[in-house]
Amino acid sequence: GSGARRAYFTNPSECSPTSPISAMSVDAWQAQGVFSNASYDIGVFTGCDRLAFGPTIDIRPDSHTAGAPAGLAVDLSVPQNPDPDGLATPDVKDVSVTLPDGMTLSPSAADGLGACSDAQIGLHVLGAASCPDSSKIGTVEVTTPLLDDPLEGEVFLGTQRSQDPQSGEMYRLFLQVAGSGVRVKLPGSIKADPVTGRLTTTFASNPQLPFDSLKLHLTGGSRAPLVNPQTCGTKTAQAAIVSWADPTPVHSDSSFVIDQGCDQASKFEPTMEAGLVTPVAGGSSPFTMTL
């Protein structure tokens, strides 16, 4: 062809002590459906320590107002090496993102919010997910060197499977992207610190497939799933990203500034009104209190 040379196959980037096996099944016209099997031990892959892996993450809320509900944009970039004579970038295995102190779940999002069950997302089913619209809390876009067009899809809130906020089963996420005849569905877990409420989201054991960028956007507005910290200043989120080539995580921080509504967010001035509806001595009366 006249186009630029590109690698057609890429060796695995996981150097495990177990040899991968190639397998083939063949049937003959004279005995259709009766297959003969053959396999071949490829051998152990080496050199994972030579692979370059430099992912970065950028996290930005769509509001800079202290204590306000906020949408969140998360951009994960994984630079790929397009040189067919070079070494490919190892695939992403685990991604863990910890939001800044004070950025927590917003109670305002709960009204009317649904959840997607394991059966509805169908992680091991080829068809599209059937999650209710009320469980959709964001969108996602993935670009990969394997396809000319990006994969696009949704972020769903998963059903609760635990009462323990640190289990990763109390708050769950599902991602679904599709395009060019390809569909990918991934489960994620959220752990909340029981004291500070600080959130850590993890997507583990992801498919061994390359991608340039993953752009996730959580819905904003008054019913956004997250709320900004109540104090102003520079806030920093931390990410730990692990490749299939090396269990040592690569760390990437992303900072943003909360600089609006600082005076209002820091105020704590509760008021109370209380009294009797019928203030008659010796009588009975309902008691009312407004806090």
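When the test is whether a residue is in contact with an Asp or Glu (Cβ under 9 Å, 6 or more places away or on another chain) and either in a strand (DSSP E or B) or surrounded by fewer than 15 Cβ atoms within 10 Å (Cβ to Cβ) (or both), D58 passes it.
Of the strands (runs of 3 or more DSSP E) contained entirely in the range 197-291, those carrying at least 2 residues that are within 21 Å of the chain's Cα centre (by Cα) and under 30 Å from V92 (Cα atoms) fall at 199-203, 213-218, 233-243, 250-258. Tallying residues that are modelled with pLDDT of 95 or more and either in contact with a helix residue (DSSP H, G or I) (Cβ under 7 Å, 6 or more places away or on another chain) or open to solvent by 30 Å² or more (accessible area, probe 1.4 Å) (or both) within the range 190-206 yields 6. Taken over the range 143-184, the criterion of being farther than 20 Å from L113 by Cβ, crowded, with 17+ Cβ neighbours inside 10 Å and in contact with a Gly (Cβ under 6 Å, 6 or more places away or on another chain) is satisfied by L151, V177.
Scanning the range 215-233 finds no residues that are under 30 Å from P17 (Cα atoms) and either at pLDDT below 95 or buried (at least 17 other Cβ atoms within 10 Å of the Cβ) (or both).
You will find that of D94, D111, D83, the residue that is modelled with pLDDT of 95 or more and among the acidic types (D, E) is D94 and no other.
The values are calculated or read from the model by the stated rules, or taken from the named source; none is laboratory data. Fair warning: this is a prediction, and the values are worked out from it, not measured in the lab. A quick note on method: Cβ atoms are made from the backbone with ideal geometry, for glycine too, and the neighbour counts reach across all protein chains shown. We work out accessible area using only protein heavy atoms, side chains counted, and drop any ligands, DNA or RNA first. Shrake-Rupley method; radii C 1.70, N 1.55, O 1.52, S 1.80 Å.
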